[in-house]
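Quick notes on the structure that follows.
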Amino acid sequence: MLFLFECPSCGARIEADASVSGRQAHCPQCRGVVAVPESRVECGATLGGFRLDSRLGKGGMGEVFLGTQLSVERRVAVKVLPPGFAADHGAVERFLNEGRLAARLDHANIVTVHEAGEDCGHYYMAMAYVEGESLDQRLKRDGSLPEREALAIIRTIAEALDYAWDEFHLLHRDLKPANIMTDRRGRVFLMDLGLAKTLGDETAMTLSGTILGTPHYMSPEQAMGSSRLSVQTDIYALGATLYHLVVGAPPFAGDSALTVLNQHVHDVLPPARSRNPRVSEACSALIGIMMAKAPEDRCHGWRDLIAAVDRVLSGAAAPAPAVSASVGGAAHARAAEPARQAQAALERQRQAAVAEPTPAAAA
């Protein structure tokens with residue numbers, strides 16, 4: 001793919017191939033050495049048989065375009081990764097391998113990946129286009145979701161993640177409202193499955209050296225840069241997502257990403273019910289289990305989580321803490337007890353505040 005840029009010395013317009021982006025070259029007019037800027041993919045360009053028609057959005061993992069697969073005239077969404085991605089050859093290989101794996105996923109609630117590849121130094125992933133909105137957009141519009149709707153969405157996503165884990169041992173590692181979509185018929189879709197894993201190495205770090213994931217939904221072990229990530233890592237993030245859906249705000253907030261990450265690691269989780277009294281005790285307790293600090297104190301797997309969600313939806317009592325049944329289970333329970341006591345104290349304080357008469361009522 002060719003693009004134009006100006007020589008900073010003589011102003012000549014230079015044509016360069018995207019494959020030499022970020023390198024040095026000689027200006028054909030003044031012969032001075034110039035740094036070839038990173039090429040930017042524009043609407044109208046074609047990558048690997050996919051025409052980029054309009055820009056849908058931009059984020060830390062690249063830009064997303066509404067495009068057309070020219071061979072079959074099919075509407076697609078095309079994610080174009082950041083230009084610097086090509087500099088990490090190991091990450092490129094993982095991306096292409098995971099793209100091929102993601103294309104094998106066949107689940108009604110996972111956005112279908114058609115192809116992942118490279119064209120003139122640009123790495124892209126073409127996937128099914130879902131005409132609808134993300135939960136992030138829904139939250140910005142409505143503030144929060146009704147509890148039963150939120151639980152039904154979480155259950156659907158858990159089913160999709162259970163399939164991905166059972167069939168391919170895939171983790172998401174960046175679950176958040178922005179990666180869950182609903183279409184105009186109300187169907188729920190999970191996006192970017194496999195891509196987050198691909199962009200990270202064994203220490204879950206990005207190309208820029210920052211921790212991979214979105215701070216507001218990140219598990220303590222992920223926040224600390226642990227390489228020992230598991231299904232429980234995704235369960236925590238899905239719990240933080242459920243928290244945001246029913247409360248209208250993420251579990252923790254701060255003036256910097258580091259502050260939020262520190263809260264995930266060290267701070268007691270404010271019960272969802274303490275921030276929104278409309279949240280049922282059972283749902284609030286379920287979120288507490290999903291977001292337990294220790295991975296072994298969360299649901300043991302996706303089927304356990306789905307069963308717990310079903311209990312809440314059926315109106316059953318709050319689920320019991322998901323403590324490991326292994327030899328170390330008692331120790332894990334003791335370690336987790338202070339946090340549970342603190343959560344109970346917060347709930348009692350909230351109830352006491354609600355029960356205490358206001359000055360006007362007392363008068």
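Overview of values
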read-out: Matching residues, segment 172-205, being at pLDDT 80 or above and of a type in the set (D, E, K, R); value: Arg173, Asp174, Lys176, Asp183, Arg184, Arg185, Arg187, Asp192
read-out: In segment 150-171, residue surrounded by the fewest Cβ atoms within 10 Å (Cβ to Cβ) [restricted to those that are hydrophobic (A, V, I, L, M, F, W, C) and at pLDDT below 95]; value: Phe168
read-out: Ala237 under 18 Å from the mean Cα position of the chain (by Cα), assigned by TED's automatic domain parsing to the domain that holds Ser144, of a type outside the set (D, E, K, R) and in a loop (DSSP other than H, G, I, E, B); value: no
read-out: Residue match in segment 67-76 (condition: of a type in the set (Ser, Thr, Tyr), on the phi < 0 side of the Ramachandran plot and under 23 Å from the mean Cα position of the chain (by Cα)); value: no
read-out: Residues (within 16 Å of Ala249 (Cβ to Cβ) and polar (S, T, N, Q)) located in segment 266-285; value: Ser274, Asn276, Ser284
read-out: Subset of segment 33-58 [in a loop (DSSP other than H, G, I, E, B) and either among the charged types (D, E, K, R) or surrounded by 13 or more Cβ atoms within 10 Å (Cβ to Cβ) (or both)]; value: Val36, Pro37, Glu38, Ser39, Arg40, Val41, Glu42, Ala45, Gly48, Gly49
read-out: Where a residue in segment 142-154 is assigned by TED's automatic domain parsing to the domain that holds Asn109 and its partner, wherever it lies, is crowded, with 21+ Cβ neighbours inside 10 Å and at pLDDT 95 or above, with Cβ under 7 Å and at least six apart; value: none
read-out: Filter result (among the charged types (D, E, K, R), under 23 Å from the mean Cα position of the chain (by Cα) and surrounded by fewer than 20 Cβ atoms within 10 Å (Cβ to Cβ)) within segment 297-316; value: Arg303, Asp304
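Per-residue answers, yes or no, for (1) part of a helix (DSSP H, G or I); (2) under 21 Å from the mean Cα position of the chain (by Cα); (3) surrounded by fewer than 22 Cβ atoms within 10 Å (Cβ to Cβ); (4) among the hydroxyl-bearing types (Ser, Thr, Tyr):
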{"site": "Leu242", "(1), (2), (3), (4)": "yes, yes, no, no"}
{"site": "Leu258", "(1), (2), (3), (4)": "yes, yes, yes, no"}
{"site": "Asn262", "(1), (2), (3), (4)": "yes, yes, yes, no"}
{"site": "Lys293", "(1), (2), (3), (4)": "no, yes, yes, no"}
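Yes or no, residue by residue, for (1) under 30 Å from Ser134 (Cβ atoms); (2) at pLDDT 85 or above:
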| position | (1), (2) |
| --- | --- |
| Phe5 | no, no |
| Pro8 | no, yes |
| Glu15 | no, no |
| Ser19 | no, no |
| Ala25 | no, yes |
| Glu38 | yes, no |
| Ala45 | yes, yes |
| Ser54 | yes, yes |
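The values are calculated or read from the model by the stated rules, or taken from the named source; none is laboratory data. None of these values were measured; they are calculated from a predicted model. When we count neighbours, we look across all protein chains shown, and the Cβ atoms used for this are built from the backbone with ideal geometry, even at glycine.
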